[in-house]
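The values are calculated or read from the model by the stated rules, or taken from the named source; none is laboratory data. Keep in mind the model is a prediction, meaning the values are calculated, not measured. Cβ sites come from the backbone with ideal geometry, for glycine too, and all protein chains shown count toward neighbours.
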Amino acid sequence: MKGDIDINYLMHFLNFFDLNKHITGTTRGKLTRQSSNKIGIFYPPLETQKEIVAVLEKAEMLKEWREEADKLTEEYLKSVFLEMFGDPTSSKRFEVQKISDLTSFVSYGFTRPMPHFDRGIPIITSKNVSAGHIDFDDVDYTDKESFYELSKKDCPIKNDILYTKDGRIGEAALVKTEEKICISQAVAILRPLAKK
């Protein structure tokens, strides 16, 4: 059985394997040859290895297709927008109003340091806002006490638009939740003006 291993299986295994317990060094971690030689490889029969590789390669292909589809969708949406409305900077088909006539800039987010916790009230930064979507999976949190010290203007409400002004500039997403959230200084809140 020794040496009876599919090289692609080994590659995938190493990509997914947690190396933390094999890394040495305190300031700059490294993987020594001695540590590498101690890595235990899950070693199913060769046919099973090949089946695992086939599944992983199919998953990788689907991931690449998904990324390509997302890219094409974004380009398609932009072309549909331009086809329907023309170039907004030169079109004469529609009345043009300033964004300040339609919304108010409620806040540019809090500027003072906020204590961070593992759970609590989400702090939304520019990394969490992408075209039409707020990512709550990768957020820091603050506690209720710090949250209530914030000005109300630093706290978006449902149907506000979050708009990034730092980091990933120019991304917008609608707040769809009624849960309490707050924003960093990299994010602005646009609130539609009440209809008269």
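For the range 168-196, a residue qualifies if it is over 20 Å from residue 100 (Cα atoms) and either touching a helix residue (DSSP H, G or I) at 6+ places or on another chain (Cβ under 9 Å) or surrounded by 15 or more Cβ atoms within 10 Å (Cβ to Cβ) (or both), and the qualifying residues are 168, 180, 181, 182, 183, 184. Restricted to the range 123-167, and to residues there that are in a strand (DSSP E or B) and crowded, with 19+ Cβ neighbours inside 10 Å, the residue that is modelled with the lowest pLDDT is 142. Residue pairs whose Cβ atoms lie under 6 Å apart, sitting 6 or more positions apart in sequence or on different chains, and linking a residue in the range 121-146 that is more than 18 Å from residue 188 (Cβ to Cβ) to a partner that is basic (Lys, Arg), are 121/180; 141/119.
Only one of the numbered conditions (1) at pLDDT below 75; (2) surrounded by 15 or more Cβ atoms within 10 Å (Cβ to Cβ); (3) not in a loop (DSSP other than H, G, I, E, B) is violated by residue 114, and that is (3).
Pairs are defined by a Cβ separation below 9 Å, a sequence spacing of at least 6 or placement on different chains, a first member in the range 45-60 that is more than 13 Å from residue 12 (Cα to Cα), and a second member that is of a type in the set (Val, Ile, Thr); the pairs so defined are 46/5. Residue count for the range 27-73 under the criterion of being assigned to a helix (DSSP H, G or I) and modelled with pLDDT of 80 or more: the result is 28.
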